[in-house]
Amino acid sequence: MQRFLDLILAFKEYVALTIFVALSLVMIALNQATDVQPLRAFTTAVVGSLQSTTSWIPNPFALARENKELRSQAIELASEVGRLRRAKVENSELRKLLGIANRPEWKLLPAEVVGKTTNFERNMVTLSRGSADGIMKDMAVVTDAGLIGKVYSTSQNFALVEMLFNRDFRASAKVARTRVEGIVAWDGGPTLVMRNVPKALDAKVGDLVSTSEYSAFFPSDVPIGTILRLEPEPNSLFRRITLDPIVNLFRVEHAYVVLKDVALERERLSLEQRARDDAAKQLIKK
Amino acid sequence: MKYLIYAAIGLVLIIVQVLVSRIISIAGASPDFVLIFIVWLTVREGQFAGVVSGFALGLVLDIFSSGILGAHALSKTIACFLLGFFFDADMSEQRIRNWPFLVMTLGTAIVNNALYFFIYTRGSEISFGEFAFRYGALGALYTTVIAIIPLLYFMRKRAF
(Lines give C-alpha, C1' and ligand atoms only; values in the text may rest on other atoms or scores of the structure.)
Protein backbone atom coordinates (compact mmCIF):
# COMPACT_ATOMS: atom_id res chain seq x y z
CA MET A 1 0.00 0.00 0.00
CA GLN A 2 2.78 2.38 0.95
CA ARG A 3 4.57 1.63 -2.31
CA PHE A 4 1.36 2.36 -4.22
CA LEU A 5 0.96 5.69 -2.42
CA ASP A 6 4.60 6.53 -3.09
CA LEU A 7 4.05 5.73 -6.75
CA ILE A 8 1.01 8.03 -6.89
CA LEU A 9 2.95 10.79 -5.14
CA ALA A 10 5.88 10.36 -7.53
CA PHE A 11 3.55 10.82 -10.50
CA LYS A 12 1.01 13.10 -8.85
CA GLU A 13 0.98 15.57 -11.77
CA TYR A 14 0.04 12.80 -14.21
CA VAL A 15 -2.55 11.33 -11.83
CA ALA A 16 -4.12 14.78 -11.31
CA LEU A 17 -4.08 15.44 -15.05
CA THR A 18 -5.81 12.12 -15.81
CA ILE A 19 -8.50 12.64 -13.16
CA PHE A 20 -9.19 16.26 -14.14
CA VAL A 21 -9.27 15.53 -17.87
CA ALA A 22 -11.71 12.65 -17.27
CA LEU A 23 -13.90 14.87 -15.04
CA SER A 24 -13.86 17.68 -17.60
CA LEU A 25 -14.87 15.32 -20.40
CA VAL A 26 -17.75 13.96 -18.33
CA MET A 27 -18.93 17.52 -17.63
CA ILE A 28 -18.68 18.47 -21.32
CA ALA A 29 -20.79 15.42 -22.18
CA LEU A 30 -23.39 16.36 -19.51
CA ASN A 31 -23.43 20.03 -20.48
CA GLN A 32 -27.05 20.07 -21.66
CA ALA A 33 -28.36 17.70 -18.97
CA THR A 34 -31.35 18.89 -16.97
CA ASP A 35 -29.48 18.20 -13.70
CA VAL A 36 -27.23 21.17 -14.52
CA GLN A 37 -30.19 23.59 -14.71
CA PRO A 38 -30.35 24.43 -10.95
CA LEU A 39 -26.66 25.35 -11.14
CA ARG A 40 -27.34 27.52 -14.20
CA ALA A 41 -30.24 29.22 -12.36
CA PHE A 42 -27.95 29.95 -9.41
CA THR A 43 -25.21 31.46 -11.58
CA THR A 44 -27.79 33.46 -13.58
CA ALA A 45 -28.94 35.03 -10.30
CA VAL A 46 -25.39 35.76 -9.10
CA VAL A 47 -24.05 37.03 -12.43
CA GLY A 48 -27.28 38.96 -13.13
CA SER A 49 -27.03 40.79 -9.79
CA LEU A 50 -23.35 41.59 -10.37
CA GLN A 51 -23.87 42.70 -13.98
CA SER A 52 -26.78 44.96 -13.08
CA THR A 53 -24.36 47.01 -10.96
CA THR A 54 -21.92 47.54 -13.85
CA SER A 55 -24.33 47.72 -16.79
CA TRP A 56 -24.00 51.53 -17.02
CA ILE A 57 -20.28 51.34 -17.90
CA PRO A 58 -19.83 51.54 -21.70
CA ASN A 59 -17.18 49.86 -23.83
CA PRO A 60 -15.06 52.81 -25.07
CA PHE A 61 -13.82 50.81 -28.08
CA ALA A 62 -17.35 50.19 -29.30
CA LEU A 63 -18.93 53.61 -28.65
CA ALA A 64 -17.68 55.43 -31.77
CA ARG A 65 -18.69 52.56 -34.06
CA GLU A 66 -22.09 52.31 -32.37
CA ASN A 67 -22.73 56.05 -32.83
CA LYS A 68 -21.98 55.91 -36.53
CA GLU A 69 -24.17 52.83 -37.02
CA LEU A 70 -27.02 54.38 -35.01
CA ARG A 71 -27.10 57.52 -37.16
CA SER A 72 -27.26 55.62 -40.44
CA GLN A 73 -29.84 53.21 -39.01
CA ALA A 74 -32.03 56.05 -37.75
CA ILE A 75 -32.26 57.46 -41.30
CA GLU A 76 -33.08 54.03 -42.77
CA LEU A 77 -35.66 53.31 -40.08
CA ALA A 78 -37.46 56.63 -40.50
CA SER A 79 -38.21 55.89 -44.15
CA GLU A 80 -39.05 52.24 -43.37
CA VAL A 81 -41.55 53.24 -40.67
CA GLY A 82 -43.48 55.31 -43.20
CA ARG A 83 -43.55 52.44 -45.69
CA LEU A 84 -44.61 49.94 -43.02
CA ARG A 85 -47.43 52.15 -41.75
CA ARG A 86 -48.88 52.36 -45.25
CA ALA A 87 -48.43 48.59 -45.70
CA LYS A 88 -50.15 47.85 -42.38
CA VAL A 89 -53.21 49.85 -43.33
CA GLU A 90 -53.33 48.17 -46.75
CA ASN A 91 -52.83 44.75 -45.20
CA SER A 92 -55.61 45.26 -42.68
CA GLU A 93 -58.02 46.44 -45.41
CA LEU A 94 -57.15 43.53 -47.70
CA ARG A 95 -57.60 41.05 -44.85
CA LYS A 96 -61.02 42.51 -44.14
CA LEU A 97 -61.93 42.14 -47.81
CA LEU A 98 -60.77 38.53 -47.85
CA GLY A 99 -62.43 37.73 -44.53
CA ILE A 100 -59.19 36.53 -42.87
CA ALA A 101 -58.86 37.28 -39.18
CA ASN A 102 -55.77 39.18 -38.05
CA ARG A 103 -53.02 37.00 -36.64
CA PRO A 104 -53.22 36.71 -32.86
CA GLU A 105 -50.77 39.08 -31.18
CA TRP A 106 -48.02 37.49 -29.09
CA LYS A 107 -47.93 38.08 -25.39
CA LEU A 108 -44.78 40.15 -24.98
CA LEU A 109 -43.01 40.91 -21.73
CA PRO A 110 -40.72 43.97 -21.93
CA ALA A 111 -37.37 43.65 -20.18
CA GLU A 112 -34.26 45.75 -19.77
CA VAL A 113 -30.81 44.43 -20.67
CA VAL A 114 -28.80 44.65 -17.44
CA GLY A 115 -25.78 42.66 -18.54
CA LYS A 116 -24.10 41.76 -21.78
CA THR A 117 -21.37 39.28 -22.61
CA THR A 118 -20.42 39.97 -26.19
CA ASN A 119 -17.13 38.26 -26.75
CA PHE A 120 -16.04 35.54 -29.11
CA GLU A 121 -17.15 32.60 -27.03
CA ARG A 122 -20.44 33.54 -25.40
CA ASN A 123 -22.74 36.19 -26.76
CA MET A 124 -25.38 36.53 -24.10
CA VAL A 125 -27.53 39.18 -22.50
CA THR A 126 -28.99 39.24 -19.01
CA LEU A 127 -32.55 40.57 -18.74
CA SER A 128 -34.07 42.30 -15.73
CA ARG A 129 -36.98 39.83 -15.60
CA GLY A 130 -36.96 36.24 -14.45
CA SER A 131 -39.05 33.21 -13.60
CA ALA A 132 -41.14 35.34 -11.21
CA ASP A 133 -42.45 37.19 -14.30
CA GLY A 134 -43.34 33.94 -16.09
CA ILE A 135 -40.15 33.59 -18.14
CA MET A 136 -39.08 30.01 -18.83
CA LYS A 137 -36.13 28.35 -20.56
CA ASP A 138 -36.28 28.35 -24.39
CA MET A 139 -38.75 31.24 -24.71
CA ALA A 140 -38.05 33.48 -27.71
CA VAL A 141 -36.61 36.96 -27.19
CA VAL A 142 -37.21 39.72 -29.76
CA THR A 143 -36.85 43.45 -30.28
CA ASP A 144 -39.03 45.68 -32.42
CA ALA A 145 -36.63 44.89 -35.29
CA GLY A 146 -36.41 41.13 -35.06
CA LEU A 147 -35.14 38.05 -33.30
CA ILE A 148 -32.38 38.22 -30.67
CA GLY A 149 -32.34 34.65 -29.38
CA LYS A 150 -33.89 32.48 -26.71
CA VAL A 151 -33.83 32.16 -22.95
CA TYR A 152 -30.96 29.98 -21.79
CA SER A 153 -31.62 29.94 -18.05
CA THR A 154 -33.63 31.84 -15.48
CA SER A 155 -33.47 32.80 -11.85
CA GLN A 156 -36.21 34.48 -9.82
CA ASN A 157 -35.35 37.98 -11.09
CA PHE A 158 -33.07 37.52 -14.08
CA ALA A 159 -33.05 35.67 -17.39
CA LEU A 160 -29.94 34.80 -19.37
CA VAL A 161 -30.54 34.98 -23.12
CA GLU A 162 -28.51 33.07 -25.68
CA MET A 163 -28.17 35.38 -28.71
CA LEU A 164 -28.13 34.43 -32.40
CA PHE A 165 -24.33 34.67 -32.33
CA ASN A 166 -23.99 31.50 -30.32
CA ARG A 167 -22.66 28.08 -31.21
CA ASP A 168 -25.85 26.37 -30.03
CA PHE A 169 -28.25 28.65 -31.86
CA ARG A 170 -30.45 27.00 -34.54
CA ALA A 171 -33.72 28.28 -35.96
CA SER A 172 -36.07 26.93 -38.55
CA ALA A 173 -36.38 29.81 -41.03
CA LYS A 174 -37.83 30.77 -44.40
CA VAL A 175 -37.18 33.32 -47.11
CA ALA A 176 -40.15 35.66 -46.59
CA ARG A 177 -40.70 36.35 -50.34
CA THR A 178 -40.68 32.75 -51.58
CA ARG A 179 -41.30 30.68 -48.39
CA VAL A 180 -38.16 28.63 -49.08
CA GLU A 181 -37.27 26.85 -45.83
CA GLY A 182 -33.89 26.24 -44.18
CA ILE A 183 -32.01 26.13 -40.89
CA VAL A 184 -30.23 29.26 -39.63
CA ALA A 185 -27.12 28.98 -37.44
CA TRP A 186 -24.13 31.12 -36.48
CA ASP A 187 -21.01 30.68 -38.62
CA GLY A 188 -18.63 32.21 -36.07
CA GLY A 189 -18.34 35.63 -37.70
CA PRO A 190 -20.51 38.77 -37.85
CA THR A 191 -23.01 36.95 -40.09
CA LEU A 192 -25.42 34.00 -39.89
CA VAL A 193 -25.67 31.07 -42.25
CA MET A 194 -28.81 29.41 -43.67
CA ARG A 195 -28.38 25.77 -44.61
CA ASN A 196 -30.41 22.99 -46.26
CA VAL A 197 -31.75 25.24 -49.03
CA PRO A 198 -31.95 23.35 -52.34
CA LYS A 199 -30.08 25.02 -55.21
CA ALA A 200 -33.17 24.97 -57.42
CA LEU A 201 -35.35 27.05 -55.06
CA ASP A 202 -35.76 30.80 -55.40
CA ALA A 203 -33.76 33.11 -53.09
CA LYS A 204 -32.03 36.38 -53.98
CA VAL A 205 -29.56 38.74 -52.37
CA GLY A 206 -31.50 41.25 -50.26
CA ASP A 207 -34.42 38.89 -49.47
CA LEU A 208 -35.68 38.95 -45.89
CA VAL A 209 -35.33 35.73 -43.88
CA SER A 210 -37.68 35.20 -40.94
CA THR A 211 -38.62 32.40 -38.55
CA SER A 212 -40.81 29.70 -40.04
CA GLU A 213 -43.99 28.06 -38.79
CA TYR A 214 -42.07 24.86 -38.01
CA SER A 215 -39.91 26.29 -35.24
CA ALA A 216 -40.47 24.72 -31.84
CA PHE A 217 -39.11 27.75 -29.98
CA PHE A 218 -39.78 30.85 -32.06
CA PRO A 219 -43.07 32.37 -33.22
CA SER A 220 -43.35 32.55 -37.01
CA ASP A 221 -42.50 35.56 -39.20
CA VAL A 222 -40.00 37.19 -36.84
CA PRO A 223 -37.29 38.79 -39.02
CA ILE A 224 -33.84 37.26 -38.61
CA GLY A 225 -31.74 38.82 -41.36
CA THR A 226 -31.35 39.71 -45.02
CA ILE A 227 -29.50 37.62 -47.60
CA LEU A 228 -25.94 38.82 -48.23
CA ARG A 229 -24.50 36.00 -50.36
CA LEU A 230 -25.59 32.74 -51.98
CA GLU A 231 -22.95 30.07 -52.56
CA PRO A 232 -23.35 26.50 -53.82
CA GLU A 233 -22.19 23.87 -51.34
CA PRO A 234 -19.64 21.62 -53.06
CA ASN A 235 -20.82 18.06 -53.80
CA SER A 236 -24.31 18.80 -52.56
CA LEU A 237 -27.78 19.67 -53.84
CA PHE A 238 -27.98 22.51 -51.35
CA ARG A 239 -26.57 25.99 -51.15
CA ARG A 240 -25.18 28.05 -48.33
CA ILE A 241 -26.86 31.40 -47.74
CA THR A 242 -25.08 34.08 -45.71
CA LEU A 243 -27.34 36.43 -43.76
CA ASP A 244 -26.81 39.88 -42.32
CA PRO A 245 -28.69 39.90 -38.97
CA ILE A 246 -31.50 42.47 -38.75
CA VAL A 247 -30.83 43.29 -35.11
CA ASN A 248 -27.46 44.70 -34.09
CA LEU A 249 -26.89 42.24 -31.28
CA PHE A 250 -24.14 44.24 -29.66
CA ARG A 251 -26.38 47.25 -29.18
CA VAL A 252 -29.49 45.71 -27.66
CA GLU A 253 -30.70 47.62 -24.60
CA HIS A 254 -34.34 46.58 -24.38
CA ALA A 255 -35.95 43.33 -25.39
CA TYR A 256 -39.26 41.51 -25.28
CA VAL A 257 -39.74 37.95 -24.14
CA VAL A 258 -42.43 36.08 -26.06
CA LEU A 259 -44.40 34.42 -23.30
CA LYS A 260 -45.83 31.03 -24.08
CA ASP A 261 -49.27 30.32 -22.76
CA VAL A 262 -48.38 27.11 -20.95
CA ALA A 263 -51.96 26.29 -19.95
CA LEU A 264 -53.13 26.69 -23.54
CA GLU A 265 -50.25 24.63 -24.87
CA ARG A 266 -50.88 21.89 -22.32
CA GLU A 267 -54.55 21.82 -23.26
CA ARG A 268 -53.67 21.63 -26.97
CA LEU A 269 -51.23 18.76 -26.33
CA SER A 270 -53.76 16.83 -24.23
CA LEU A 271 -56.45 17.32 -26.93
CA GLU A 272 -54.01 16.10 -29.59
CA GLN A 273 -53.10 13.10 -27.42
CA ARG A 274 -56.78 12.31 -26.85
CA ALA A 275 -57.49 12.54 -30.59
CA ARG A 276 -54.57 10.17 -31.28
CA ASP A 277 -55.82 7.72 -28.62
CA ASP A 278 -59.35 7.80 -30.09
CA ALA A 279 -58.01 7.18 -33.56
CA ALA A 280 -55.92 4.25 -32.30
CA LYS A 281 -58.94 2.74 -30.46
CA GLN A 282 -61.06 3.00 -33.60
CA LEU A 283 -58.34 1.27 -35.62
CA ILE A 284 -58.15 -1.56 -33.07
CA LYS A 285 -61.97 -1.97 -33.15
CA LYS A 286 -61.91 -2.24 -36.95
CA MET B 1 -2.98 29.92 4.30
CA LYS B 2 -1.03 30.64 1.14
CA TYR B 3 -3.36 28.44 -0.90
CA LEU B 4 -6.45 30.11 0.57
CA ILE B 5 -5.09 33.47 -0.58
CA TYR B 6 -4.48 32.02 -4.05
CA ALA B 7 -8.07 30.72 -4.14
CA ALA B 8 -9.43 34.11 -3.07
CA ILE B 9 -7.39 35.92 -5.74
CA GLY B 10 -8.60 33.41 -8.32
CA LEU B 11 -12.25 33.97 -7.39
CA VAL B 12 -11.87 37.75 -7.51
CA LEU B 13 -10.28 37.47 -10.96
CA ILE B 14 -13.16 35.28 -12.18
CA ILE B 15 -15.67 37.93 -11.09
CA VAL B 16 -13.55 40.61 -12.79
CA GLN B 17 -13.36 38.44 -15.91
CA VAL B 18 -17.13 37.95 -16.06
CA LEU B 19 -17.93 41.62 -15.38
CA VAL B 20 -15.14 43.49 -17.15
CA SER B 21 -14.67 41.44 -20.33
CA ARG B 22 -17.61 43.24 -21.98
CA ILE B 23 -16.22 46.67 -21.20
CA ILE B 24 -12.69 46.10 -22.43
CA SER B 25 -13.26 43.69 -25.30
CA ILE B 26 -11.64 44.65 -28.61
CA ALA B 27 -13.11 43.19 -31.81
CA GLY B 28 -14.83 40.50 -29.77
CA ALA B 29 -11.69 39.38 -27.91
CA SER B 30 -11.08 39.96 -24.22
CA PRO B 31 -8.08 39.21 -22.00
CA ASP B 32 -8.06 36.11 -19.81
CA PHE B 33 -7.17 37.40 -16.33
CA VAL B 34 -7.59 33.95 -14.80
CA LEU B 35 -5.06 32.50 -17.24
CA ILE B 36 -2.46 35.14 -16.32
CA PHE B 37 -2.89 34.22 -12.67
CA ILE B 38 -2.56 30.48 -13.21
CA VAL B 39 0.52 31.01 -15.39
CA TRP B 40 2.04 33.00 -12.54
CA LEU B 41 1.00 30.27 -10.07
CA THR B 42 2.49 27.47 -12.22
CA VAL B 43 5.77 29.35 -12.72
CA ARG B 44 5.97 30.00 -8.98
CA GLU B 45 4.58 26.80 -7.43
CA GLY B 46 5.13 24.13 -10.07
CA GLN B 47 3.27 21.76 -12.34
CA PHE B 48 0.99 20.14 -9.74
CA ALA B 49 -0.26 23.47 -8.39
CA GLY B 50 -0.77 24.62 -11.98
CA VAL B 51 -2.84 21.58 -12.92
CA VAL B 52 -5.01 21.81 -9.78
CA SER B 53 -5.55 25.58 -10.07
CA GLY B 54 -6.15 25.32 -13.83
CA PHE B 55 -8.91 22.77 -13.29
CA ALA B 56 -10.50 24.43 -10.25
CA LEU B 57 -10.50 28.00 -11.56
CA GLY B 58 -11.42 26.84 -15.07
CA LEU B 59 -14.44 25.02 -13.67
CA VAL B 60 -15.61 28.01 -11.63
CA LEU B 61 -15.13 30.19 -14.73
CA ASP B 62 -17.23 27.73 -16.75
CA ILE B 63 -20.00 27.95 -14.17
CA PHE B 64 -20.00 31.74 -13.94
CA SER B 65 -19.56 32.46 -17.63
CA SER B 66 -22.45 30.11 -18.53
CA GLY B 67 -20.14 28.44 -21.02
CA ILE B 68 -19.76 24.79 -21.90
CA LEU B 69 -19.34 23.16 -18.53
CA GLY B 70 -15.86 21.63 -18.38
CA ALA B 71 -14.41 23.40 -21.44
CA HIS B 72 -12.34 26.03 -19.61
CA ALA B 73 -11.47 23.41 -16.97
CA LEU B 74 -10.08 21.02 -19.59
CA SER B 75 -8.20 23.62 -21.64
CA LYS B 76 -6.65 25.30 -18.60
CA THR B 77 -5.69 21.98 -16.98
CA ILE B 78 -3.83 20.79 -20.09
CA ALA B 79 -2.28 24.22 -20.80
CA CYS B 80 -0.93 24.43 -17.22
CA PHE B 81 0.30 20.84 -17.33
CA LEU B 82 2.35 21.65 -20.43
CA LEU B 83 3.60 24.90 -18.90
CA GLY B 84 4.64 22.95 -15.81
CA PHE B 85 7.43 21.26 -17.80
CA PHE B 86 9.21 24.63 -17.85
CA PHE B 87 9.07 24.93 -14.05
CA ASP B 88 12.40 25.50 -12.36
CA ALA B 89 12.26 26.21 -8.61
CA ASP B 90 15.57 28.10 -8.67
CA MET B 91 14.56 30.30 -11.59
CA SER B 92 10.89 30.91 -10.78
CA GLU B 93 11.27 34.36 -9.13
CA GLN B 94 13.54 35.54 -11.91
CA ARG B 95 11.10 34.34 -14.60
CA ILE B 96 8.13 36.05 -12.98
CA ARG B 97 10.01 39.36 -13.03
CA ASN B 98 11.32 39.19 -16.59
CA TRP B 99 10.17 38.83 -20.18
CA PRO B 100 10.01 34.96 -20.01
CA PHE B 101 6.78 35.48 -18.06
CA LEU B 102 5.24 37.14 -21.12
CA VAL B 103 6.49 34.38 -23.43
CA MET B 104 5.03 31.74 -21.10
CA THR B 105 1.73 33.63 -20.90
CA LEU B 106 1.54 33.89 -24.70
CA GLY B 107 2.38 30.19 -25.20
CA THR B 108 -0.09 29.03 -22.55
CA ALA B 109 -2.80 31.34 -23.89
CA ILE B 110 -2.33 29.95 -27.42
CA VAL B 111 -2.56 26.33 -26.19
CA ASN B 112 -5.52 27.18 -23.94
CA ASN B 113 -7.44 29.02 -26.67
CA ALA B 114 -6.73 26.33 -29.29
CA LEU B 115 -8.06 23.61 -26.97
CA TYR B 116 -11.01 25.69 -25.85
CA PHE B 117 -12.07 26.57 -29.40
CA PHE B 118 -11.62 22.97 -30.50
CA ILE B 119 -14.26 21.97 -27.92
CA TYR B 120 -16.33 25.08 -28.58
CA THR B 121 -16.66 24.61 -32.34
CA ARG B 122 -17.52 20.88 -32.20
CA GLY B 123 -21.03 20.17 -33.48
CA SER B 124 -21.58 23.70 -34.77
CA GLU B 125 -21.43 25.52 -38.11
CA ILE B 126 -18.31 27.38 -36.96
CA SER B 127 -14.99 26.61 -38.65
CA PHE B 128 -12.37 25.82 -36.00
CA GLY B 129 -9.39 27.17 -37.97
CA GLU B 130 -11.00 30.48 -38.85
CA PHE B 131 -12.49 30.99 -35.39
CA ALA B 132 -9.33 30.04 -33.51
CA PHE B 133 -7.24 32.31 -35.74
CA ARG B 134 -9.65 35.23 -35.55
CA TYR B 135 -10.42 35.20 -31.83
CA GLY B 136 -7.95 32.74 -30.29
CA ALA B 137 -4.85 34.50 -31.60
CA LEU B 138 -6.24 37.96 -30.84
CA GLY B 139 -7.34 36.88 -27.36
CA ALA B 140 -3.90 35.34 -26.64
CA LEU B 141 -2.16 38.56 -27.72
CA TYR B 142 -4.53 40.70 -25.65
CA THR B 143 -3.94 38.46 -22.61
CA THR B 144 -0.15 38.82 -23.08
CA VAL B 145 -0.43 42.61 -23.30
CA ILE B 146 -2.45 42.68 -20.05
CA ALA B 147 0.18 40.38 -18.45
CA ILE B 148 2.62 43.31 -18.73
CA ILE B 149 0.77 44.93 -15.80
CA PRO B 150 1.64 42.22 -13.20
CA LEU B 151 5.11 41.92 -14.77
CA LEU B 152 5.76 45.64 -14.20
CA TYR B 153 4.39 45.31 -10.67
CA PHE B 154 6.80 42.47 -9.82
CA MET B 155 9.73 44.22 -11.51
CA ARG B 156 9.00 47.34 -9.46
CA LYS B 157 8.70 45.25 -6.30
CA ARG B 158 12.19 43.85 -6.93
CA ALA B 159 13.60 47.34 -7.50
CA PHE B 160 12.60 48.50 -4.02
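The values are calculated or read from the model by the stated rules, or taken from the named source; none is laboratory data. The structure presented is a predicted model; accordingly, all values stated were derived computationally and were not measured. So basically every Cβ, Gly included, is an ideal-geometry build from the backbone, and we count neighbours across all protein chains shown.
Taking the range A:76-96 on its own, how many of its residues are more than 30 Å from A:Lys260 (Cα to Cα) and either modelled with pLDDT under 70 or polar (S, T, N, Q) (or both)?
Summing the residues that are more than 30 Å from A:Lys260 (Cα to Cα) and either modelled with pLDDT under 70 or polar (S, T, N, Q) (or both) in the range A:76-96 gives 1.
Can you tell me how many residues in the range B:101-160 are in a loop (DSSP other than H, G, I, E, B) and at the interface with chain A (Cβ under 10 Å from one of its Cβ atoms)?
Of the residues in the range B:101-160, 6 are in a loop (DSSP other than H, G, I, E, B) and at the interface with chain A (Cβ under 10 Å from one of its Cβ atoms).
Enumerate the helices (runs of 4 or more DSSP H) found wholly within the range B:1-82, keeping only those where 2 or more residues are within 14 Å of B:Asn112 (Cα to Cα), within 11 Å of chain A (Cβ to nearest Cβ) and not acidic (Asp, Glu).
B:47-64
Has the range A:236-249 got at least one residue that is modelled with pLDDT of 85 or more and loosely packed, with under 11 Cβ neighbours inside 10 Å?
No; the residues of the range A:236-249 include none that is modelled with pLDDT of 85 or more and loosely packed, with under 11 Cβ neighbours inside 10 Å.
Can you confirm whether the range A:129-146 contains a residue that is part of a strand (DSSP E or B) and free of Cβ contacts under 8 Å to residues at least 40 places away in the same chain?
No: the range A:129-146 contains no residue that is part of a strand (DSSP E or B) and free of Cβ contacts under 8 Å to residues at least 40 places away in the same chain.
Could you list, ordered by first residue, the pairs with Cβ atoms under 7 Å in which the first is in the range A:182-201 and within 12 Å of chain B (Cβ to nearest Cβ) and the second is acidic (Asp, Glu) and part of a loop (DSSP other than H, G, I, E, B), at least 6 apart or interchain?
Correct list of pairs: A:Ala185/B:Glu125; A:Trp186/B:Glu125; A:Asp187/B:Glu125; A:Val193/A:Asp187; A:Val193/B:Glu125.
When you go through A:Ser172, A:Ser220 one by one, which is the residue that is under 20 Å from the mean Cα position of the chain (by Cα), part of a strand (DSSP E or B) and not β-branched (Val, Ile, Thr)?
Of A:Ser172, A:Ser220, the one residue that is under 20 Å from the mean Cα position of the chain (by Cα), part of a strand (DSSP E or B) and not β-branched (Val, Ile, Thr) is A:Ser172.
Does the range B:120-146 hold any residues that are in contact with a strand residue (DSSP E or B) (Cβ under 6 Å, 6 or more places away or on another chain) and touching a residue at least 12 places away in the same chain (Cβ under 8 Å), and which are they?
B:Tyr135, B:Leu138, B:Gly139, B:Tyr142
Can you report the number of residues in the range A:152-171 which are of a type outside the set (D, E, K, R) and in contact with an Asp or Glu (Cβ under 8 Å, 6 or more places away or on another chain)?
2
Which count do you get for residues in the range A:168-181 that are crowded, with 22+ Cβ neighbours inside 10 Å and either basic (Lys, Arg) or within 9 Å of another protein chain (Cβ to nearest Cβ) (or both)?
1
Regarding the range A:102-115, can at least one residue be identified that is over 27 Å from A:Lys260 (Cα atoms), modelled with pLDDT of 75 or more and either in contact with a strand residue (DSSP E or B) (Cβ under 6 Å, 6 or more places away or on another chain) or part of a helix (DSSP H, G or I) (or both)?
Checked the range A:102-115: no residue is over 27 Å from A:Lys260 (Cα atoms), modelled with pLDDT of 75 or more and either in contact with a strand residue (DSSP E or B) (Cβ under 6 Å, 6 or more places away or on another chain) or part of a helix (DSSP H, G or I) (or both).
Which is surrounded by fewer than 18 Cβ atoms within 10 Å (Cβ to Cβ) and modelled with pLDDT of 85 or more, of B:Leu151, B:Leu141?
Answer to the check: B:Leu141.
Would you check which residues across the range B:72-124 are of a type in the set (S, T, N, Q), surrounded by fewer than 17 Cβ atoms within 10 Å (Cβ to Cβ) and within 16 Å of B:Asp32 (Cα to Cα) and list them?
Result: no residue meets the conditions.
Checking A:Asn166 against (1) under 30 Å from B:Ile63 (Cβ atoms); (2) over 14 Å from the mean Cα position of the chain (by Cα): exactly one of these is not met. Which one?
Among (1) under 30 Å from B:Ile63 (Cβ atoms); (2) over 14 Å from the mean Cα position of the chain (by Cα), A:Asn166 violates only (2).
Filter the range A:1-39 down to the residues that are at pLDDT below 80 and at the interface with chain B (Cβ under 7 Å from one of its Cβ atoms), then identify the one that is nearest to A:Phe158 (Cα to Cα).
Taking the candidates together, the pick is A:Leu39.
Check A:Ala185, A:Ala145 and return the single one that is touching a strand residue (DSSP E or B) at 6+ places or on another chain (Cβ under 8 Å) and at pLDDT below 85.
So the residue among A:Ala185, A:Ala145 that is touching a strand residue (DSSP E or B) at 6+ places or on another chain (Cβ under 8 Å) and at pLDDT below 85 is A:Ala145.
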